[in-house]
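Here the structure is laid out as structure tokens; the discussion comes afterwards.
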Protein chains: 2
Amino acid sequence: MFSQKIGILGGGQLGLMLLQAAIDWHLDIHILDPDPEAPCRSIAPHFQQGSLQDYDTVYNFGKNLDVITIEIEKVNVDALAALTEEGKKIYPQPSVIRKIQDKRIQKQFYKENGLPTAEFRLTKTRADVAKHADFLPAFHKLGKDGYDGRGVQRIESENDLDKAFDAPGLLEKAVDFEKEIAVIVARNPAGVIKTFPVVEMVFHPEHNLVDYLFAPAEISEAIRFKAEEIATRTAEAFGIVGVLAVEMFVTKTGEILINEVAPRPHNSGHHTIQANATSQYEQHWRAILGLPLGSTVQYAPAAMVNLLGEAGHTGPARYEGMDTLLATEQVFPFLYGKAVTKPHRKMGHVTIMDENLESLRDKVALVKSSVKVLSM
Amino acid sequence: MFSQKIGILGGGQLGLMLLQAAIDWHLDIHILDPDPEAPCRSIAPHFQQGSLQDYDTVYNFGKNLDVITIEIEKVNVDALAALTEEGKKIYPQPSVIRKIQDKRIQKQFYKENGLPTAEFRLTKTRADVAKHADFLPAFHKLGKDGYDGRGVQRIESENDLDKAFDAPGLLEKAVDFEKEIAVIVARNPAGVIKTFPVVEMVFHPEHNLVDYLFAPAEISEAIRFKAEEIATRTAEAFGIVGVLAVEMFVTKTGEILINEVAPRPHNSGHHTIQANATSQYEQHWRAILGLPLGSTVQYAPAAMVNLLGEAGHTGPARYEGMDTLLATEQVFPFLYGKAVTKPHRKMGHVTIMDENLESLRDKVALVKSSVKVLSM
């Protein structure tokens, strides 16, 4: 069962953590990434430099493999669809990736499947956005290619209309939310589903990137139950095989609305490597290889802080304050080995564990204040 | 602190788990191993095929590196000593490896340092052994090159003398022990020492290999305290930098005697990957890179079962019963990816966790009865 040839489209940090988990079963992993200096480069048993969006490159990469997965959605789905027809196992399925690639289709999918999400209006051009002044304040989201906080703009009023994208997108009603939470859910080909404990994310005020998170989230049992139920229904609606990260808002009135999903391991699940019996990465392998899903029990409260490139620093990276971090108990840095830092680029993360919630919070504050990613 | 070039002598399963841990900090690892199909081969950023015992090979491998460690003791120590003189950091230090490589020197070292160990007599030849009939029953241990159960023979009486090795060795009084335990201890260059919780090992009746272990050991507080104290004193006596595994007997009268030590990560610490905050592998990196040692707190009771090649099977390996194992909660197989299985060869291991001790034991029994490593 472990002798199949497996491909990953993308060799960034998520690919790297998938590779690390794959060592346990000595899986034969092939990576495709356009960046010759991608984080996976030196660790992957097989690494090929090439475009993820070019039909021929993706098709030729996949044609000698048995199972193919992704660590990024922006891939050539037509090539994956052709490979599926030839009997390759492509998980998540091309049909799932296609729906999620375009936020316009994604949002309509929620609506059609009775999955709760914020009100929205589809737009095609910047001029189009102007027609929905009655709908503001709202977020204007680019249909395709938004990533890591890019492709989202808050439009407060008509005065902000110049911020809108002049491309197909959608206006999403600004939600007055209490918390942003996420549930990572896995589904295997037999349709078995398991969820990881709900996490609570705190976003960077400007850059729309996860700044840090706590796992489990501090929410009521009722909210927790509802969040897990929505995540499970979402995985079922997509019929996805693999891991799906479901990001949600909890509104001030206790409503839960799906924000967006990612059909792969996700930033909101890095801490599962240390904190949970099965990590999201191993769970993804279990799901796509058709194996029983693992236990998601969590051993202690955990937090995760993203290490983002400091503003004003571009160039070869250096890490300040690692000593403090390594000298603190149950604080685990993970560096992605990206050669160059840029402002707000995800350069690594830190997982933190502690039985005591107050001390967990203190450690988060310590990590946030002591570590900086600078250029040399 | 993470940009040094690091070498590991040996690319077997311990090297593989060191590599896996090194991914967190994107360490630049170079591996030397005589086997072109060594487990580390496909994962190591740099892999060189070559002898670990040849002076020139080891010296040339090390001369462009900054830090060098080992995952096996049978290496050319003279080359490592020369590299130390040139300013390379060699941890464990060549002087420590030299003492441990020869069980005759190792035993005398315990005696000189007031560390408790079973009574012994040094022997040079088989004829020599015959002179110590009064000392039987005893184990005859080869001074050098014993490994994974090889190089040890029980000599019951004078009738068994033909089993003795005709090479320098020692006779060790057979200890009437209650349990075999081990403590993994780490020491960094600043002299800071941390121990992992005491584990209890059950050896294969014939092959003198760890069959399975429980962590923590079921022992009294007094024994636990004494075992940790002996392990700490042993690490201090050697002055080792890195991880040291101290295997001990607990006698029926509650005495603790050191059996032997290994100056590297060890089979008795595989479970720390899942069960402890810091694994023995990360702890080894912390120690040899001069970093603060990590917390060794354990999250739940754990067990570890070695997957040994089945008797009568030699050839390309296949694994029977993995499905049962993967369908059981908190049971984690790790396969070393060795191309060929041989009788009693270490092919992998399984870590098992459970809050409930009875259910932990049931899972150990299930793993032992369901998984087999056979040839194709």
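One residue stands out among those in the range B:63-77 that are of a type in the set (A, V, I, L, M) and more than 19 Å from B:Lys5 (Cβ to Cβ): the one that is surrounded by the fewest Cβ atoms within 10 Å (Cβ to Cβ), which is B:Ile72.
Residue-by-condition table, conditions (1) of a type in the set (Phe, Trp, Tyr); (2) crowded, with 24+ Cβ neighbours inside 10 Å; (3) farther than 25 Å from B:Ile105 by Cβ:
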residue	(1), (2), (3)
B:Glu218	no, no, yes
B:Ala237	no, no, no
B:Ile240	no, yes, no
B:Thr251	no, no, no
B:Pro263	no, yes, no
B:Ala277	no, no, yes
B:Trp285	yes, yes, yes
B:Pro292	no, no, yes
B:Ser295	no, no, yes
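If the condition is being surrounded by 21 or more Cβ atoms within 10 Å (Cβ to Cβ) and either without any contact (Cβ under 8 Å) to a residue 24 or more places away in the chain or aromatic (Phe, Trp, Tyr) (or both), then the range A:297-318 contributes no residue at all.
So is A:Asn60 surrounded by fewer than 21 Cβ atoms within 10 Å (Cβ to Cβ), free of Cβ contacts under 8 Å to residues at least 40 places away in the same chain and not hydrophobic (A, V, I, L, M, F, W, C) or not?
On the way: surrounded by fewer than 21 Cβ atoms within 10 Å (Cβ to Cβ): yes; free of Cβ contacts under 8 Å to residues at least 40 places away in the same chain: yes; not hydrophobic (A, V, I, L, M, F, W, C): yes.
Considered against the rule, which asks whether it is surrounded by fewer than 21 Cβ atoms within 10 Å (Cβ to Cβ), free of Cβ contacts under 8 Å to residues at least 40 places away in the same chain and not hydrophobic (A, V, I, L, M, F, W, C), A:Asn60 comes out as yes.
Criterion applied to B:Ala82, B:Ala130 was being touching a Phe, Trp or Tyr at 6+ places or on another chain (Cβ under 8 Å), among the hydrophobic types (A, V, I, L, M, F, W, C) and surrounded by fewer than 19 Cβ atoms within 10 Å (Cβ to Cβ), and the one residue passing it is B:Ala82.
Scanning the range A:346-371 for residues being at the interface with chain B (Cβ under 10 Å from one of its Cβ atoms) and more than 21 Å from B:Arg286 (Cα to Cα) gives a total of 1.
Which ones in the range A:38-61 are over 14 Å from A:Gly7 (Cα atoms), over 22 Å from the mean Cα position of the chain (by Cα) and within 14 Å of another protein chain (Cβ to nearest Cβ)? The answer is A:Ser42, and nothing else.
Can B:Thr69 be described as of a type in the set (Ser, Thr, Tyr), in the same structural domain as B:Leu27 (by TED's automatic domain parsing), in contact with a helix residue (DSSP H, G or I) (Cβ under 8 Å, 6 or more places away or on another chain) and free of Cβ contacts under 8 Å to residues at least 40 places away in the same chain?
Working: of a type in the set (Ser, Thr, Tyr): yes; in the same structural domain as B:Leu27 (by TED's automatic domain parsing): yes; in contact with a helix residue (DSSP H, G or I) (Cβ under 8 Å, 6 or more places away or on another chain): yes; free of Cβ contacts under 8 Å to residues at least 40 places away in the same chain: no.
No, not satisfied.
As for the range A:86-108, it holds at least one residue that is within 16 Å of A:Phe61 (Cα to Cα) and without any contact (Cβ under 8 Å) to a residue 12 or more places away in the chain.
Candidates are the residues of the range A:334-345 that are crowded, with 20+ Cβ neighbours inside 10 Å and not in a loop (DSSP other than H, G, I, E, B); the one that is farthest from the other protein chains (Cβ to nearest Cβ) is A:Thr341. Scanning the range B:1-37 for residues that are within 12 Å of chain A (Cβ to nearest Cβ), within 18 Å of the chain's Cα centre (by Cα) and buried (at least 24 other Cβ atoms within 10 Å of the Cβ) gives B:Gln13, B:Gly15, B:Leu16, B:Met17, B:Leu18, B:Leu19. For the range B:304-333, the set of residues classified as more than 14 Å from chain A (Cβ to nearest Cβ) and either closer than 26 Å to A:Ala302 by Cβ or hydrophobic (A, V, I, L, M, F, W, C) (or both) consists of B:Val305, B:Leu308, B:Ala311, listed by residue number.
Do we have any residue at all in the range A:182-195 that's among the charged types (D, E, K, R) and closer than 29 Å to A:Pro343 by Cβ? Quick ask: steps written out before the conclusion?
We begin by selecting, within the range A:182-195, every residue among the charged types (D, E, K, R); these are A:187, A:194.
Checking the rest, the ones that are also closer than 29 Å to A:Pro343 by Cβ come to none.
Taking every residue of the range A:182-195 in turn, none turns out to be among the charged types (D, E, K, R) and closer than 29 Å to A:Pro343 by Cβ.
Scanning the range B:283-300 for residues that are touching a strand residue (DSSP E or B) at 6+ places or on another chain (Cβ under 6 Å) and at the interface with chain A (Cβ under 7 Å from one of its Cβ atoms) returns a single hit, B:Ala300. For the range A:116-156, residues that are under 20 Å from A:Pro205 (Cβ atoms) and over 24 Å from the mean Cα position of the chain (by Cα) total 3.
Considering the conditions (1) in contact with a strand residue (DSSP E or B) (Cβ under 7 Å, 6 or more places away or on another chain); (2) crowded, with 23+ Cβ neighbours inside 10 Å; (3) farther than 21 Å from A:His344 by Cβ, A:Leu213 is excluded by exactly one of them, (3).
When B:Glu206, B:Glu218 are checked against the criterion of being within 23 Å of B:Phe332 (Cα to Cα) and of a type in the set (D, E, K, R), B:Glu218 stands alone in meeting it.
Tell me, please, whether a residue that is of a type in the set (Ser, Thr, Tyr) and either more than 28 Å from B:His284 (Cα to Cα) or within 18 Å of the chain's Cα centre (by Cα) (or both) can be found in the range A:315-334. There is no residue in the range A:315-334 that is of a type in the set (Ser, Thr, Tyr) and either more than 28 Å from B:His284 (Cα to Cα) or within 18 Å of the chain's Cα centre (by Cα) (or both). Kindly establish whether B:Ala130 is out of contact with any strand residue (DSSP E or B) (no Cβ under 9 Å at 6 or more places or on another chain), of a type in the set (A, V, I, L, M, F, W, C) and farther than 30 Å from B:His271 by Cα. In short, yes. Does at least one position in the range A:253-262 carry a residue that is away from chain B (no Cβ under 11 Å), closer than 23 Å to A:Tyr336 by Cβ, among the charged types (D, E, K, R) and more than 20 Å from the chain's Cα centre (by Cα)? Scanning the range A:253-262, I find no residue that is away from chain B (no Cβ under 11 Å), closer than 23 Å to A:Tyr336 by Cβ, among the charged types (D, E, K, R) and more than 20 Å from the chain's Cα centre (by Cα), so the answer is no.
For B:Glu178, the conditions (1) among the charged types (D, E, K, R); (2) crowded, with 19+ Cβ neighbours inside 10 Å; (3) over 20 Å from B:Ile155 (Cβ atoms) are fulfilled apart from (2).
The values are calculated or read from the model by the stated rules, or taken from the named source; none is laboratory data. Everything numeric here is computed off the predicted structure, so don't read it as measured data. Cβ atoms come from the backbone with ideal geometry, glycine included; neighbour counts cover every protein chain shown.
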